[in-house]
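J.: Encoded as structure tokens, here's the structure I'll be asking about.
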Amino acid sequence: QVQLVESGGGLVQAGGSLRLSCAASGRTFSSYAMGWFRQAPGKEREFVAAINWGGGRTYYADSVKGRFTISRDNAKNTVSFQMNSLKPEDTAVYYCAARRGGVVTTDAPLYDYWGQGTQVTVSS
């Protein structure tokens, strides 16, 4: 069982930056692939970024490539998500997710555990 708690969301102006964190419980954190997803009002949850168990492979949605960076620290059971050059269309609730086995996927139903989400609002 893994519990995930996101933090770091907030209100920022367009062009600004935010850094999200996801703290995970459990002793097997390093065996999980981790992902970030987001859901805007009236829209479906969408994949944003993911990182494999060891941190050596990362994947990003085209809409955030070059602006967002996912990283992990297995010693601290945390995943970080640096978001730069934010745009109003990045406004959403951001969710951290964990998938057993360590293999990355962009498919939300294949993740086993989810955090409660943190709101990110980008004003124009």
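The values are calculated or read from the model by the stated rules, or taken from the named source; none is laboratory data. Just so it is clear, the structure is predicted and the values come from calculations on it, not from any experiment. Methodologically, a virtual Cβ is constructed for each residue, glycine included, from the backbone with ideal geometry; neighbour enumeration extends over all protein chains shown. Accessible surface is based on the protein model in full, side chains and every heavy atom, while ligands, DNA and RNA are left aside. Shrake-Rupley method; radii C 1.70, N 1.55, O 1.52, S 1.80 Å.
J.: Sort region 71-116 into rounded, prolate or oblate with this rule: let a ≥ b ≥ c be the square roots of the eigenvalues of the Cα gyration tensor; rounded if a/c is under 1.5, and if a/c is not under 1.5, prolate when a/b is larger than b/c, oblate otherwise.
T.: oblate
J.: While we're here: Using 1/(1 + (r/R0)^6) with R0 = 22 angstrom and r between the beta carbons of residue 107 and residue 40, what's the FRET efficiency to the nearest 0.05?
T.: 0.70
J.: Let me ask something else. Accessible area per residue of region 2-83 at 1.4 Å probe, in Å²?
T.: About 52 Å² of surface per residue is accessible.
J.: Right, something else. Compute a Gaussian network model of the chain, connecting alpha carbons closer than 10 Å, and tell me which residue from 55, 16, 42 fluctuates the most.
T.: Highest fluctuation among the options: 42.
J.: Which net charge results for the neighbourhood of residue 110, defined as the other residues with beta-carbon distances under 14 angstrom from its beta-carbon, given Lys and Arg at +1 and Asp and Glu at -1?
T.: So the environment of residue 110 carries a net charge of +1.
J.: Identify all lysines with a Cα-Cα distance to residue 43 below 21 Å; exclude those on the same chain that are fewer than 8 residues away in sequence.
T.: Within the straight-line limit of under 21 Å, residue 43 reaches these lysines: 65, 87.
J.: Another question, if that's okay. Looking at the P(r) of the chain, how many percent of alpha-carbon pairs lie beyond 19 Å?
T.: 40 percent
J.: Shape call for region 1-43 from the C-alpha gyration tensor, a ≥ b ≥ c root eigenvalues: rounded (a/c under 1.5), prolate (a/b greater than b/c) or oblate?
T.: prolate
J.: Here's another thing I want to ask about it. Round to a whole number: what % of the accessible area of the chain belongs to carbon and sulfur, probe 1.4 Å?
T.: 47 percent
J.: Classify region 25-69 as rounded, prolate or oblate, taking a ≥ b ≥ c as the square roots of the eigenvalues of its Cα gyration tensor: rounded when a/c is under 1.5, otherwise prolate if a/b is larger than b/c and oblate if not.
T.: In terms of gyration-tensor shape, oblate.
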